[in-house]
Amino acid sequence: MKTLLATTLLVLSLVATPLLAQDDTIRVGMSGQYFPFTFVEQDTLKGFEVDVMNAVAKEMGREVEYKTAAFSGLFGMLGAGRIDTVANQITITEERQKAYIFSEPYVYDGAQVVTKAGNTEIEGVEDLKGKTVAVNLGSNFEALLRDLPYADEIDIKTYDSNIERDTALGRVDAFVMDRVSASQIIKEKPLPLELAGPTFSQITNAYPFKDTEEGRALRDEVNAALSALREKGTLREISEEWFGTDITSP
């Protein structure tokens, strides 16, 4: 009887260990196609989002597992329970708040118009009337453009990637993304692009979660980690390493 009991406990122990490890892992979705926040270099996933999430997971005492997919499919993966959250410059919007709960913001930025270098027809968002403008498919920038009073005069094109290339080649007149990403693309990539005017909408980025008991608990745990990392200066250090400035504070 003692032998049977010992064997049973051993089996339960072996079964419980991998389950515990799995429960302690945060499954995070990202596109890997949004430089410099998330991108692949020499088969390695890199970027500001990766460094921040790694720091969050470490603060929580958890492992992190990244799952990459087209940006337009990330929320579908979250809704289906294939991932626990998304780390891909996810802007808090009224529409998204109807379906998900969000962590506290960890990025403060603004929407930016970008044109081919030397373009004299577009000097800001007010000049997009009658123009073809590219945005990343599934991003909030399409909604921001459609909220403009002259939205019906803008030809909006949605892309999974390479909106900067088509703008540089003159296939579209401009693209819109966050100012930080746009500035880094201009700095790092050999493309003739330039910022057109100031930002036209303030945006805050955060982690979305399903509005369930488990999702709320994980959101609260992530918030505690973000607060600790902000107090320690870790978020600021990661931001300054990538951008030379702090985008993690308002």
(request) Examine region 59-67 for a residue that is under 27 Å from P198 (Cα atoms) and surrounded by fewer than 16 Cβ atoms within 10 Å (Cβ to Cβ), and state whether such a residue exists. (result) no
(message) Checking the structure you have, find out if any residue of region 203-211 is in a helix (DSSP H, G or I) and crowded, with 18+ Cβ neighbours inside 10 Å.
(response) no
(request) Being part of a helix (DSSP H, G or I) and free of Cβ contacts under 8 Å to residues at least 12 places away in the same chain is the filter; apply it to region 74-102 and report the residue that is farthest from A224 (Cα to Cα). (result) G76
(message) Being at pLDDT 95 or above, of a type in the set (V, I, T) and in a helix (DSSP H, G or I) is true for just one of V64, V11, V50, V15. Which residue is that?
(response) V50
(request) Take the residues in region 184-223 that are free of Cβ contacts under 8 Å to residues at least 24 places away in the same chain and not basic (K, R), then tell me which one is nearest to I154 (Cα to Cα). (result) P190
(request) For R236, state whether it is more than 24 Å from L78 (Cβ to Cβ) and at pLDDT 95 or above. (result) yes
(request) Could you please find all residues in region 225-250 being surrounded by 15 or more Cβ atoms within 10 Å (Cβ to Cβ), touching a Lys or Arg at 6+ places or on another chain (Cβ under 8 Å) and either in the same structural domain as K58 (by TED's automatic domain parsing) or without any contact (Cβ under 8 Å) to a residue 12 or more places away in the chain (or both)? (result) R230, R236
(message) Just to be sure I understand, how many residues within region 114-128 are over 24 Å from T91 (Cβ atoms) and either loosely packed, with under 14 Cβ neighbours inside 10 Å or not assigned by TED's automatic domain parsing to the domain that holds L191 (or both)?
(response) 5
(request) Would you check which residues across region 68-91 are over 28 Å from D43 (Cβ atoms) and either at pLDDT 95 or above or surrounded by fewer than 18 Cβ atoms within 10 Å (Cβ to Cβ) (or both) and list them? (result) G79
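The values are calculated or read from the model by the stated rules, or taken from the named source; none is laboratory data. Given the structure is predicted, the values throughout are model-derived calculations rather than measurements. Cβ: placed from backbone, ideal geometry, glycine included. Neighbour counts: every protein chain shown.
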